[in-house]
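A.B. asks: Take this structure first; my questions come after.
The values are calculated or read from the model by the stated rules, or taken from the named source; none is laboratory data. What you see is a predicted model; the values in this text were computed from it and never measured. Using ideal geometry, Cβ is built from the backbone for each residue, glycine included, and neighbour counts are taken over all protein chains shown.
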Amino acid sequence: MVMQIAVKVETGFNCNWRNIEPLQPEGFKGQTANEKETLKNSIVKNGFHDAFDVWQHDGKLLSIDGVHRKIALLELAEEGYEIPKQLPCTYVTAENETEAATIILSRNSQHSHILSAAVMTAAFKIPATMIEAVVPQKNLDRWNGIDNDIPKHEDNTVYSDNEDLDTYQDADSETEKYTTNITAQYTNLKTKSQILQIYLMVINVAILLKV
């Protein structure tokens, strides 16, 4: 049985998705193993429904949005899934690499696992004023590790794309189970102690009545 990936989106343009190259520098954005598997499962079950956003520059097809989708598709192809050579894409216009990189920052400021915005801003010399104009302050704080909701190491650095957050979540889960167990044991001991105290009181009353 041939396993095919259905295409569930139309843009009017198709491109050879295997030829798309990343514009973002290495270390800009991360993806945990769990996030990658979730994306792959979504593509298998729901089809390819989110077109690639690309910028055509100097004869290259550069990714504005879709780096992780390409990685997921390549792995699915290796696993035996049949994927069309051409997939829907949207062509983005930009005057230069700085503008294209700013668009990437803006796109990823809402939902992506940013490891270091600094590598992007430094690589394309994006002015701080330009970044502040397209990225909400709360997301700038998030990139700088100010947001306490971001999973971090003890040294306050975020997990890299080579680390599976499930490992740390499982550890937290085990800690929670241990704490719950200790609490239950304490409660049980406390209840037994109360019963023993009541029993001793009854014995004392019985002795007094006999006297």
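A.B. asks: Collect the residues in the stretch 4-32 that are β-branched (Val, Ile, Thr) and either free of Cβ contacts under 8 Å to residues at least 24 places away in the same chain or assigned to a loop (DSSP other than H, G, I, E, B) (or both), keeping them in residue-number order.
C.D. replies: Residues of the stretch 4-32 that are β-branched (Val, Ile, Thr), as a first pass: 5, 7, 9, 11, 20, 32.
Answer for the stretch 4-32, where residues must be β-branched (Val, Ile, Thr) and either free of Cβ contacts under 8 Å to residues at least 24 places away in the same chain or assigned to a loop (DSSP other than H, G, I, E, B) (or both): Ile5, Val9, Thr11, Ile20, Thr32.
A.B. asks: Related question: Restricting to the stretch 33-83, name every residue that is out of contact with any Cys (no Cβ under 8 Å at 6 or more places or on another chain), charged (D, E, K, R), on the phi < 0 side of the Ramachandran plot and not in a helix (DSSP H, G or I).
C.D. replies: Hits for the stretch 33-83 are Asp50, Lys60, Asp65, Glu79, Glu82.
Condition check ((1) modelled with pLDDT of 95 or more; (2) farther than 19 Å from Leu105 by Cβ; (3) under 19 Å from the mean Cα position of the chain (by Cα); (4) crowded, with 17+ Cβ neighbours inside 10 Å) across all residues:
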position	(1), (2), (3), (4)
Asn16	yes, yes, no, no
Gln24	no, no, yes, yes
Phe28	no, no, yes, yes
Thr32	no, yes, yes, yes
Lys36	no, yes, yes, no
Asn41	no, yes, yes, no
Val54	yes, no, no, yes
Ala72	yes, yes, yes, yes
Gln86	yes, yes, no, no
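A.B. asks: While we're here: Within the stretch 84-93, take every residue that is out of contact with any Lys or Arg (no Cβ under 9 Å at 6 or more places or on another chain) and in a loop (DSSP other than H, G, I, E, B) and give me the one that is nearest to Ser42 (Cα to Cα).
C.D. replies: Once the filter is applied, the top-ranked residue is Pro84.
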